[in-house]
Structures are given as C-alpha cells and as structure tokens.
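The values are calculated or read from the model by the stated rules, or taken from the named source; none is laboratory data. Note that the structure is a prediction, hence the values are computed from the model and not measured. As a convention, Cβ positions derive from the backbone with ideal geometry for all residues, glycine included, and neighbour counts pool all protein chains shown.
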Amino acid sequence: QLHLVESGGGLVQPGGSLRLSCAASGFTLDNYAIGWFRQAPGKEREGVSCISRNGGSQYYAHSVKGRFTISRDNGKSAVYLQMNSLKPEDTAVYYCAARPYLNSCSPDEYDYWGQGTQVTVSS
C-alpha cells in the first residue's frame, strides 16, 4: 500500500521559515512526480508547488512564487518544500501527493496522499 508522510509543520511568526519534508513508505518517491498542496479553513485544496521525477521541472502557485522552493533528494527518496517569508495567508494543512509524471499541479490529478502537516503563521 502506497503511503506518504509529511513532516516539518508547526507554528511560525510572519516572516519566518519552515521546511516541510515528504517521505514514502511502500514505494520510492524517485519514480513519481510530487506535489505540495494546502487547504486553508474555508477554502478548497490548492496546488502550491509540484516537481518532476528528476527535479528538472517545477510549478509554483503565484501566491508562493519567490518565497517557496521545492526540491528533491532522490538519494534519500525525499521531497522538500522550503517556505520563506511566511505570511498568515500561508496558514493551512499542507499535503504531499504523488503521481507518475508531472502533467499537472492540480490536486484531483494526484493519486497518493499523506495525512498532512499543519502550518500556522501567526504572531
């Protein structure tokens, strides 16, 4: 059974940084495109950033471009989301998800999901 696990969330002040990690059990992330998604209270789940198998192609939502960086370390079978200059609007549950190839960064196109990690940006 394919399962993803997110970690690294927490409470941070505006302007601060967090680094989220995504790891897999039951399969290796190396063979999948990975997306980071978030869902804030009262809002639908949205794509934040997605990355291709080899890391060569990346998508970013306009709201996070220039502040967030997605990367992967296939040697560790891990995908990261470095979040800098965090804003209260970034508060959400963040999920990572997998699909075979980077055809989109839309949540309804991703097959395997983690349970999510809470990110709260507040002073």
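Looking at GLU89, GLU46, can you tell me which residue is under 12 Å from the mean Cα position of the chain (by Cα), over 22 Å from GLN1 (Cβ atoms) and acidic (Asp, Glu)?
Step by step, each of GLU89, GLU46 is checked, and only GLU46 is under 12 Å from the mean Cα position of the chain (by Cα), over 22 Å from GLN1 (Cβ atoms) and acidic (Asp, Glu).
Could you tell me how many of the residues in the range 1-53 are touching a helix residue (DSSP H, G or I) at 6+ places or on another chain (Cβ under 6 Å), aromatic (Phe, Trp, Tyr) and assigned to a loop (DSSP other than H, G, I, E, B)?
0
Select from the range 42-60 the residues that are touching a residue at least 40 places away in the same chain (Cβ under 8 Å) and under 20 Å from GLY8 (Cα atoms) and write down the one among them that is surrounded by the fewest Cβ atoms within 10 Å (Cβ to Cβ).
Restricting to residues being touching a residue at least 40 places away in the same chain (Cβ under 8 Å) and under 20 Å from GLY8 (Cα atoms), the top hit is GLU46.
Identify, by number, the condition in (1) within 20 Å of VAL119 (Cα to Cα); (2) more than 10 Å from the chain's Cα centre (by Cα) that GLY56 doesn't meet.
Every condition holds for GLY56 apart from (1).
Filter the range 20-41 for residues that are exposed (fewer than 14 other Cβ atoms within 10 Å of the Cβ) and not polar (S, T, N, Q); which is modelled with the highest pLDDT?
Ranking the qualifying residues of the range 20-41, first place goes to PRO41.
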